[in-house]
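> Could you have a look at this structure, given as C-alpha cells, before my questions?
The values are calculated or read from the model by the stated rules, or taken from the named source; none is laboratory data. All figures in this text were calculated on a predicted structure; none of them were measured in a lab. Glycine also receives a Cβ, built like all others from the backbone with ideal geometry; neighbour counts cover every protein chain displayed. With ligands, DNA and RNA removed, areas are computed over all heavy atoms of the protein, side chains included. Shrake-Rupley method; radii C 1.70, N 1.55, O 1.52, S 1.80 Å.
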Amino acid sequence: MTMSGYWRDIFVGAKSLITGLCITGREFFRPVVTELYPYEAPTLPARFRGHIELIANEETGEPNCVVCGMCQRACPSHCIVLSGEKAPSGKGKVLTSYMLDFTTCSLCGSCVESCNFNALRFSREYNRVAFDRSAFQLDLIARLKEQNLKEQNQCKP
C-alpha cells in the first residue's frame, strides 16, 4: 500500500464516520415512532389484509355464502375448500364446510373480489402465531359461530 492510498483510506473512513454521526444526531431529536408491541396494539391501516373470514347475514346469523365456488376457483394458491348440501327448502345450497389453509394463502384477494354475494372479507386479525402447522387450517364456519357468540355475549347486560 502506498502512502497516498493510506491517507485516502483514512480520509474516506473519516468522511463516512462523520456522515453517520450527522444522521444519528439528526434522528436523535426527532420523535420516537417505535410501538411497544405486546403492550400497545398496533394501528392497522384501512387496507390491512389478514386471513379471509365469512360474513354473517344480519338477520339469521348464517353465512352469506351460497356455495357457488367462485372463491375456490379464483384462488391461485388452491387454499380454499368448501362444500355444501341442498337446502331443506329445496332452493339453492347451504354451506356445510369452508376450510382455509392459511399456510399456502398468498393474501392476493382474488377470493374476496370474485365473491358476488358479500360473503367474504379480510379479517383484522394480525397476531396469528402457532408452533403447529395444523393451527393454520382454519374452519371459517366455526370461527363465524364463535364471533356470533362473542357478539351476543357483549350485547347482553
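> To the nearest 10 square angstrom, how much accessible area does Glu151 have with a 1.4 angstrom probe?
110 Å²
> Quick check: from the Cα gyration tensor, does region 98-157 come out rounded (a/c under 1.5), prolate or oblate?
Because a/c hits 1.5 or more and a/b fails to exceed b/c, region 98-157 counts as oblate.
> On to the next question. Taking the full set of protein chains and a 1.4 angstrom probe, give the accessible area of Leu21 in square angstrom, rounded to the nearest 10.
We get 110 Å² for Leu21.
> If you average the alpha carbon positions of region 79-103 and of region 23-59, how far apart do those two centres end up, in angstrom?
Taking the Cα centre of each part, region 79-103 and region 23-59 sit 33 Å apart.
> Let me ask another. So what is the relative contact order of region 27-98, in percent, for Cα pairs below 8 Å that sit 6 or more residues apart? Before the final figure, lay out the partial values.
Working: 56 pairs, mean separation 13.8, N = 72.
Reported as a whole number, the value is 19 percent.
> Order Ile141, Ile23 by their accessible area, 1.4 angstrom probe, all chains in place, largest first.
On the way: Ile141 20, Ile23 80 Å².
Putting Ile141, Ile23 in descending order of accessible area: Ile23, Ile141.
> Also, I was wondering about something else. Defining a contact as two alpha carbons under 8 Å apart and six or more residues distant in sequence, what relative contact order in percent does the chain show? Write out the running numbers ahead of the final one.
Numbers: 169 pairs, mean separation 38.1, N = 157.
Value for the chain: 24 percent.
> What's the lysine pair count for the chain at a Cα cut-off below 24 Å, pairs eight or more apart or interchain? Before the final figure, lay out each step's value.
On the way: Lys86/Lys145; Lys91/Lys145; Lys93/Lys145; Lys145/Lys156.
Final tally of qualifying lysine pairs is 4.
> Report the relative contact order of region 78-120, percent, no decimals, based on alpha-carbon pairs under 8 angstrom and at least 6 residues apart. Walk me through the numbers before you get to the answer.
Details: 39 pairs, mean separation 14.5, N = 43.
About 34 percent, as a whole number.
> How much area per residue is accessible in region 1-139 when the probe is 1.4 Å and only protein heavy atoms are counted (Å²)?
On the way: 10360 Å² over 139 residues.
Roughly 74 Å² per residue, with all protein chains present.
> Considering only protein heavy atoms and a probe of 1.4 Å, how much of the accessible area of the chain is carbon and sulfur, as a whole percent?
Numbers: 6910 of 11910 Å².
Looking at the chain in its full context, I get 58 percent from C and S.
> Solvent-accessible area of Tyr6, probe 1.4 Å, all protein chains present, reported in Å² to the nearest ten, please.
Number for this one is 100 Å².
> Relative to the longest principal axis of the C-alpha atoms of the chain, give the angle of the C-alpha long axis of helix 3-28, reported between 0 and 90° and rounded to the nearest 10°.
Between the helix axis and the principal axis of the chain, the angle is about 50 degrees.
> Further question: For region 56-63, what does the Karplus curve 6.51 cos²θ - 1.76 cosθ + 1.60, with θ = phi - 60°, yield as ³J(HN,Hα) per residue in whole Hz, taken in order and with x for Gly and Pro?
Using θ = phi - 60°, the values come out as 8, 5, 5, 7, 9, x, 7, x Hz.
> May I pose another question? In degrees between 0 and 90, to the nearest 10, how far off the longest principal axis of the chain does helix 140-155 point, with axes built from Cα atoms?
Compared with the principal axis, the helix lies near 90 degrees.
> Does anything in region 55-95 have its amide N under 12 Å from the 7 Å Cα→Cβ label point of Glu113, and if so which residues?
74-76
> If you don't mind, another one. Computed on alpha carbon atoms, what radius of gyration and Dmax characterise region 23-114, expressed in Å?
For region 23-114, the Cα radius of gyration and maximum Cα-Cα distance read 20.6, 73 Å.
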